[in-house]
Amino acid sequence: MKFIKYSIYSILSLLMLIGCTDTFEEMNKDPWKSNNLDPKHLYTFSQLKMFSSGHEGFRGNLIMSSPLSQNLACNYTQGSGFRRNDGYTEATWSLIFGDVMKNIADIQSRLGDQEGQEGKIAQAQIVKVVNLLRMTALYGDIPYTEAGQGFTDRNFYPKFDDQETVLNTMATELEQARGVLLNSATNTNLFTNSESAELYEPSTVGAEKYVRLANSLLMKIGMMMSHADPTKGQEIFLKGMNGDGGYITDWSNAVYVNHVDVGGPWGQHINGTGVAVRGEVGGFSGPFMSELALKNMQQRQDPRLFRITSHLTQDGSAYVSMEDTARYTNFDPFAQAGGPNEFKEVHYRGMRYGENAFGTKGLFHNSSSDQVVQAALWTDQTDYKFEDKGQFATLASLAPATYNRVTPSIVIGADEMNFMLAEAVLIYGVAGDAKTYFTNAVTLALAKYDAINFPGKEFETKMEELYKRQTNNAYDHDNAVATYITNANQAYDDASDKLEVIAYESWISNIGDGYNAFANWNRTNKPSIVRATLSQDDDGTYDLPSYPGDPLLETLTPSATPENVPLHLGGVTNYVRPARFPYPDRELTVHPSETNRVIAEQRANSPSNPDFIGIKQWYSFR
């Protein structure tokens, strides 16, 4: 379309110039007329863009949704502190509605005027659902039926649809798209990878992949409705589960996007969250492991710690995984940091949940200097040399070796599908064995990094070898994976609430994907260790041990009286975990009648809260 950014792909600059030259006079007469850019370029842009913006990935994923789900923390504490910041929560809205939806609407409008394009229109409809399912999970009521019509219909102020309508309409349109793609008369003319018009992996040609994706999305929507309308949710789930063409079952038919390292950190092909993890788009992001997730993984001897967790070190202007193993002593990723009023020398320590740095990053109090000593954010940031005591005083991060510019972005994963199936057997009574699906899900979650070629394999091997060399020479990766699966199955068998066990494993599998982790928690309020409501008494402050000096440099006995430091201040929701992103300030300004209407309606249908971000969405557990 006329105002689409020239940076969609570097090779398109010439194409756009030619197109603009050929139709300049016509477009000058009608400035809202769509240009003649090949729809395949708009299509691949619409598949890729939701995953490739470092600006949005930094904000929507690392600062907000991941800390809200508490499987990651962040040096920016607006998410974990239950606070508002329009600069962080509007980025996702602007990306999808500002950049993506107008292109999808343009594709559907232009191809709708041509014969024989039903298959491509159906593909675009499925991509629309992929994008807007994220949007409604974060924001609640959104424009859906009129989304993206600014350039096609000159509808610059679309109406908002309530979330129930959004999800039901998505389901209807997915069924329609699936029907087109199952029909041999309409499923041959498609966007394909052979024409450089398809970015969803696996790289299969034909309709099969999109039929599976449509069915899997129906199942996801059905599960999303499990609390708000379980009867309708079950119906939609079964339409996907029993639909012709099947659904995603393993990593060979899961749908994801591969990224390539071209164009630098602001390039259009990179993984947006990955460049943010490396601090390449706006500076240091601080994507730390939450103490809650890290300690639970350590307790369970989770072998993924070698792949997804690391210390950070600087490499020019970027932050990378610490791989100089010669600087470690007795490396043990499973050793847990102490609790309140306790300090232990451990290699991997997570960031506590709150917003005050003394509480979130404090190690101990030095009474001789009346100083709270905080953990370092990266190696050699403090006076402690890393090879001496610094290795025991540095926060553990999401590993840039694994999460970087070329990390694949999962549209719907095989592990996610099997977790949903396990849950659906228990809550919807669908066919199958819940434990079998659960075992498959855990197995697939552990296997995904190699199955779809996440980077970081060499780093994982290096850190495992370090652990074997310095601490446990009997460690074996394959045995550790098998033991983890066995223990997870035992936990499932022993649990009185089996949904709790499913939710925990799903929550851990979504580390790095805050959008999905937040949506799942919002729907279930599980795992219950991620509490829906905090309190001033339990979470407002934290007790650090107080020493008459520095316990890293000498052996000291802590004082009987700990140092009580601030941790969580309650945010704008009075300690209630937010259930949504707020609408952007700009939307409130330019579209006030509609945004005020849907805010009032959503407030009326939810328990009260001082701030809108604490108001439950339709699909939220309550």
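The values are calculated or read from the model by the stated rules, or taken from the named source; none is laboratory data. Since this is a predicted model, take the numbers as computed values, not measurements. Note that we place each Cβ from the backbone using ideal geometry, even for glycine, and neighbour counts take in every protein chain shown. Each accessible area value is taken on the protein alone, full model and side chains, heavy atoms only, with ligands, DNA and RNA left out. Shrake-Rupley method; radii C 1.70, N 1.55, O 1.52, S 1.80 Å.
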* Hey, with R₀ at 45 Å, roughly what FRET efficiency would VAL406 and GLN114 work out to, going by the Cβ-Cβ distance, to 0.05? -> 0.80
* To do: Determine the shape class of segment 120-181: with a ≥ b ≥ c the square roots of the Cα gyration tensor eigenvalues, call it rounded for a/c under 1.5, and otherwise prolate if a/b is greater than b/c, oblate otherwise.
  => oblate
* Asked: Per 10 Å bin, what percent of the C-alpha pairs of segment 234-362 does each bin hold, from zero upward?
  -> 10, 26, 29, 22, 11, 2
* **Hz values of 3J(HN,Hα) by residue in segment 438-446 - Karplus curve (6.51, -1.76, 1.60), Gly and Pro given as x** => 4, 4, 4, 5, 5, 4, 5, 5, 6
* Structure fact -> Using alpha carbon centers only, segment 561-618 is separated from segment 195-232 by a whole-angstrom value of 31
* Non-local amide H neighbours of TYR256 (under 5 Å, H modeled in plane, Pro and chain starts lacking H): which ones? -> GLU201, VAL411
* Structure fact -> Answer in debye to the nearest 20: the dipole magnitude of segment 290-436 about its Cα centre, from +1 Lys/Arg and -1 Asp/Glu charges placed on Cβ, is 140
* **Orientation-averaged projected area, Cα convex hull of segment 380-469 (nm²)** => 8.9
* Structure fact -> Expressed as a whole-number percentage, the relative contact order of segment 505-558 with C-alpha contacts under 8 angstrom and at least six residues apart is 17
* To do: For TRP93, tell me the accessible area in Å² from a 1.4 Å probe, rounded to the nearest 10.
  => 20
* **Loop-located trypsin sites (Lys or Arg not before Pro) in segment 502-580 whose Cβ has at most 11 other Cβ within 10 Å (DSSP)** => none
* Asked: Along the charge dipole of segment 203-271, Cβ charges K/R +1 and D/E -1, which of ALA207, PHE237, ASN253 sits furthest on the positive end?
  -> PHE237
* Average accessible area per residue (Å²) across segment 40-111 - probe 1.4 Å, nucleic acids and ligands excluded -> 19
* Cα-only radius of gyration and Dmax that characterise the chain, units Å -> 24.8, 82
* To do: For segment 39-54 and segment 483-521, write down the distance between their C-alpha centroids in whole Å.
  => 31
* **Nearest-10 value in Å² for the accessible area of THR325, using the 1.4 Å probe** => 30
* To do: For MET289, list long-range residues whose amide hydrogen, built 1.01 Å from N in the peptide plane, is under 5 Å from its own amide hydrogen.
  => ALA73, MET351, ALA396, SER397, LEU398
* **P(r), alpha carbons of segment 515-622 - 5 Å bins starting at zero, rounded %** => 2, 10, 15, 15, 15, 11, 8, 7, 6, 5, 3, 2, 1
* **Accessible surface of the chain [probe 1.4 Å, protein heavy atoms]: carbon and sulfur percent** => 48
* Asked: Given a 1.4 Å probe and the protein chains all in place, what does the accessible area of ILE121 round to, in Å² to the nearest 10?
  -> 50
* Asked: Looking at the chain, which longest stretch skips every one of the GluC sites (Glu not before Pro) that is in a DSSP loop with at most 10 other Cβ atoms within 10 Å, leaving the sites themselves out?
  -> 116-553
* Net charge near ASN525: determine it from the other residues with C-beta under 15 Å of the C-beta of ASN525, scoring Lys and Arg +1 and Asp and Glu -1. => +4
* Rel. contact order, % - alpha carbon contacts under 8 angstrom, at least six apart, the chain -> 18
* Asked: Taking amide H positions as placed 1.01 Å from N in the peptide plane, with prolines and chain starts having none, which residues 5 or more places from ALA376, or on another chain, fall under 5 Å of its amide H?
  -> THR394, LEU395
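Over segment 127-272, average the accessible area per residue using a 1.4 Å probe and give it in Å², no decimals. Please report the intermediate quantities before stating the final value.
Numbers: 5260 Å² over 146 residues.
Result: 36 Å² per residue.
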